[in-house]
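This report concerns only the one structure given below.
The values are calculated or read from the model by the stated rules, or taken from the named source; none is laboratory data. As the structure is a computational prediction, the values presented were derived from the model and not from experiment. Every residue, glycine among them, receives a Cβ derived from its backbone with ideal geometry; neighbour counts consider all protein chains shown. Heads up: the accessible areas ignore ligands, DNA and RNA and are worked out on the full protein's heavy atoms, side chains in. Shrake-Rupley method; radii C 1.70, N 1.55, O 1.52, S 1.80 Å.
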Amino acid sequence: MSDTDRVALAFSGGLDTTVCVPLLEEEYGYDEVIGVTVDVGQPEKEFAEAEETAEALGVENYVVDAREEFAQLCLRSVKANATYQGYPLGTALARPVIAEAILDVALEQDCTALAHGCTGKGNDQLRFEAVWRNSPLDVIAPVRELGLTREWEKEYALERDLPVEGGSEGRYSVDTNLWSRSIEGSELEDPATIPEDDIYDWTTNPSGKEAELVEITFEAGEPVALDGEDIGPVALIETLNEQAGAHGVGRTDMMEDRMLGLKVRENYEHPAATVLLTAHEALEGLVLTQEERQFKQQIDQQWSLKGYQGLIDSPFVDALEGFIESTQSRVTGTVTVKLEGGHCRPVARESDYAVYSESAASFDEEDVIGGITQEDATGVAKYHGFQSRLANRAIENARKNE
Ligand code: ARG
């Protein structure tokens, strides 16, 4: 053990995490703060900003590349068709990955505590701490614990001459990773305000662009090839973000119910997520039975909720994935989607596991399985709705007797 009390801070170089550095030393009495920035696919300039700010603060900043791991988790979420109230969980899924990576650095560097710059209103504090509180280290949330506001932070930074002006934080609060780009704040906080076009960075206004087809190949529920070419998770997501983003695919403007109950207006961009989720669901439509599809919606919804909460590391999620994995063994095949005018829709699907049978659907051959013929449906048709008819008759008779 070292004799300096060291704390590892989730560091982005933004206002919140920057003011955390002197506060951790002065208010919390730590001898040394180390920063950790985890790469889950943020734009290059965010790393430059983190590095510059860390240097100006005299803080050693560790950068951990977790893109591959995060991309794999995103693809795992596709098997569960995971969205929460319409949002494909980019920020949410990234948090446990980031938290684990910071914990690893903290343990390596003999830190006694972990800190984040999240406020007490959002989801991220809960997602980070769900991971960290499973470790022997102390957990510190200066912004929440000291009740800081953005205004106070700006003032404090000015007084202390902290390096915050050159930051990339514009009018909006943006969180970007491979799976989604979230835009919050400023006039967007009013749900009645129509967003300006400049909030979007990944998606282009789709007017006039010619439609494009994309073919995705799945193996056991996982996308493995794009237009017939094998491709790894990170490259697949990056390519589709660009390709589908050019058609304006994957914009979401929604009201989101946060974990603590707060309702917020959120804007997201997630072109690759939209394409992969659309294609995956289309393939499930071809290969899964009706009852599997119906029940899987409930499983998927539970998975999504746990994903949103940052609680995918649990026996419950393992159990949900038991069902999911057992269905995914047949989710093998290809789907073609059409990108056009801000939309992505499946236009073709193929699989050796297709439950669909052309001869059964068209009655070209009468003998499908077990010699079923059209006339066999007569008995079924006679019974269909039988109980409702009984009930309706009972209601009618009872009224007559009133
Ligand atoms: N509300 C979203 C979530 O909890 C994303 C928030 C991202 N943060 C931001 N500053 N834009 O998953």
Evaluation of Glu210 against (1) open to solvent by less than 70 Å² (accessible area, probe 1.4 Å); (2) on the phi < 0 side of the Ramachandran plot (one fails), failing number:
(1)
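Test Gly310 against the stated conditions and say whether it is within 16 Å of the ligand (Cβ to nearest atom) and open to solvent by less than 40 Å² (accessible area, probe 1.4 Å).
Values: within 16 Å of the ligand (Cβ to nearest atom): yes; open to solvent by less than 40 Å² (accessible area, probe 1.4 Å): yes.
Here the answer is yes, as Gly310 does meet what is asked.
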Those residues that are more than 9 Å from the ligand (Cβ to nearest atom), open to solvent by less than 10 Å² (accessible area, probe 1.4 Å) and not hydrophobic (A, V, I, L, M, F, W, C), I need them from the stretch 74-95; list them, please.
Ser77, Pro88
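Where residues in the stretch 178-187 are at negative phi and more than 10 Å from the ligand (Cβ to nearest atom), which of them is most open to solvent (accessible area, probe 1.4 Å)?
Initial filter on the stretch 178-187 (at negative phi): 178-184, 187.
Then keep just the ones that are more than 10 Å from the ligand (Cβ to nearest atom); that gives 178-179, 187.
Numbers: Leu178: 7, Trp179: 1, Glu187: 54 Å².
Ranking the qualifying residues of the stretch 178-187, first place goes to Glu187.
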Within the bounds of the stretch 180-195, is there any residue that is of a type in the set (S, T, N, Q), in contact (Cβ under 8 Å) with a residue 40 or more places away in the chain and not in a helix (DSSP H, G or I)?
yes
Considering residues of the stretch 153-177 that are open to solvent by 80 Å² or more (accessible area, probe 1.4 Å) and touching a Gly at 6+ places or on another chain (Cβ under 8 Å) only, the residue modelled with the highest pLDDT
Arg171
Looking at (1) under 30 Å from Ser207 (Cα atoms); (2) open to solvent by less than 60 Å² (accessible area, probe 1.4 Å); (3) touching a Gly at 6+ places or on another chain (Cβ under 8 Å), can you tell me which one Leu339 breaks?
(3)
Quickly run through the stretch 9-49 and pick out the residues that are over 18 Å from Ala94 (Cα atoms) and aliphatic (A, V, I, L, M).
Leu15, Val19, Val21, Leu23, Leu24, Val33, Ile34, Ala48
May I ask you to verify whether Glu321 is surrounded by 16 or more Cβ atoms within 10 Å (Cβ to Cβ) and out of contact with any Leu (no Cβ under 6 Å at 6 or more places or on another chain)?
yes
Leu114 over 18 Å from Ile312 (Cβ atoms), open to solvent by less than 10 Å² (accessible area, probe 1.4 Å) and among the hydrophobic types (A, V, I, L, M, F, W, C):
yes
Go through (1) open to solvent by less than 40 Å² (accessible area, probe 1.4 Å); (2) within 13 Å of the ligand (Cβ to nearest atom); (3) over 15 Å from Gly342 (Cα atoms) and name the single condition Leu236 misses.
(2)
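Which residue out of Ser326, Ser362, Ser351 is under 22 Å from Thr289 (Cβ atoms) and in contact (Cβ under 8 Å) with a residue 60 or more places away in the chain?
Details: Ser326 fails: in contact (Cβ under 8 Å) with a residue 60 or more places away in the chain; Ser362 fails: in contact (Cβ under 8 Å) with a residue 60 or more places away in the chain.
None of the other options fit; the residue is Ser351.
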For the stretch 140-148, does any single residue satisfy the condition of being in contact with a Phe, Trp or Tyr (Cβ under 8 Å, 6 or more places away or on another chain) and either of a type in the set (D, E, K, R) or modelled with pLDDT under 95 (or both)?
no
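Here's the yes/no breakdown for (1) farther than 23 Å from Leu283 by Cα; (2) of a type outside the set (S, T, N, Q); (3) within 16 Å of the ligand (Cβ to nearest atom):
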site	(1), (2), (3)
Tyr200	yes, yes, yes
Lys209	yes, yes, no
Glu212	no, yes, no
Ala220	no, yes, no
Asp227	no, yes, no
Gly245	no, yes, no
Gly250	no, yes, yes
Asp257	yes, yes, yes
When you check Ile231 against the structure, is it under 30 Å from Ala354 (Cα atoms), open to solvent by 40 Å² or more (accessible area, probe 1.4 Å) and modelled with pLDDT of 95 or more, yes or no?
yes
